[in-house]
Amino acid sequence: PVVAVVATGAAPGDLGLLRLAAGMLERLHPSATVLRCAPWSAGGDPLFRWPLMEWLPGLDLVIGAGGYHLAHETAALGVPTFFVPQPR
């Protein structure tokens with residue numbers, strides 16, 4: 001499976017979610033391809049993908065904070081999504 005872990009808000013808060021979810025996925029399902037997606041750079045990580053709309057159609061699952069755009073984009077494309085709400 002190809003899974004995207006999406007951070008879309010403030011870099012420090014969402015980076016924690018991104019690292020936690022990506023790390024859990026990589027340990028629980030080692031054969032999964034985990035894409036870290038964010039509109040900002042995180043130390044030059046080559047796995048960061050943006051804009052997300054270009055990647056959504058090829059994903060098996062998206063994990064993200066459940067913001068307005070992510071919710072509507074994944075729903076419009078029918079991509080299964082697991083939302084982890086974050087305080088703003």
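The values are calculated or read from the model by the stated rules, or taken from the named source; none is laboratory data. On a predicted model such as this, the values are computed, not experimentally measured, just so you know. Here Cβ is always computed from backbone atoms with ideal geometry, including for glycine, and neighbour counts include all displayed protein chains. The accessibility values were calculated without ligands, DNA or RNA, using every heavy atom of the protein model including side chains. Shrake-Rupley method; radii C 1.70, N 1.55, O 1.52, S 1.80 Å.
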> So which residues in the range 51-88 are exposed (fewer than 10 other Cβ atoms within 10 Å of the Cβ) and modelled with pLDDT of 90 or more, if there are any at all?
Replying inline: Pro57, Gly78
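Output the residue which, of all residues in the range 1-50 that are of a type outside the set (A, V, I, L, M, F, W, C), open to solvent by 60 Å² or more (accessible area, probe 1.4 Å) and at pLDDT 75 or above, is nearest to Val84 (Cα to Cα).
Our first condition is that a residue be of a type outside the set (A, V, I, L, M, F, W, C); within the range 1-50, this holds for 1, 8-9, 12-14, 16, 19, 23, 26-27, 29-31, 33, 36, 39, 41, 43-46, 49.
Right, trim to open to solvent by 60 Å² or more (accessible area, probe 1.4 Å) and you get 1, 8, 12, 19, 26-27, 29-31, 33, 39, 41, 43, 46.
In the following step, the residues that additionally are at pLDDT 75 or above were identified as 1, 19, 26-27, 29-31, 33.
Values: Pro1: 20, Arg19: 13, Glu26: 18, Arg27: 19, His29: 19, Pro30: 22, Ser31: 23, Thr33: 20 Å.
Per the stated criteria, the residue is Arg19.
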> Between a first residue in the range 62-88 that is hydroxyl-bearing (Ser, Thr, Tyr) and a second residue that is part of a helix (DSSP H, G or I) and surrounded by fewer than 18 Cβ atoms within 10 Å (Cβ to Cβ), which pairs have beta carbons less than 9 Å apart while being 6 or more apart in sequence or on different chains?
Replying inline: Thr81/Ala71; Thr81/Ala75
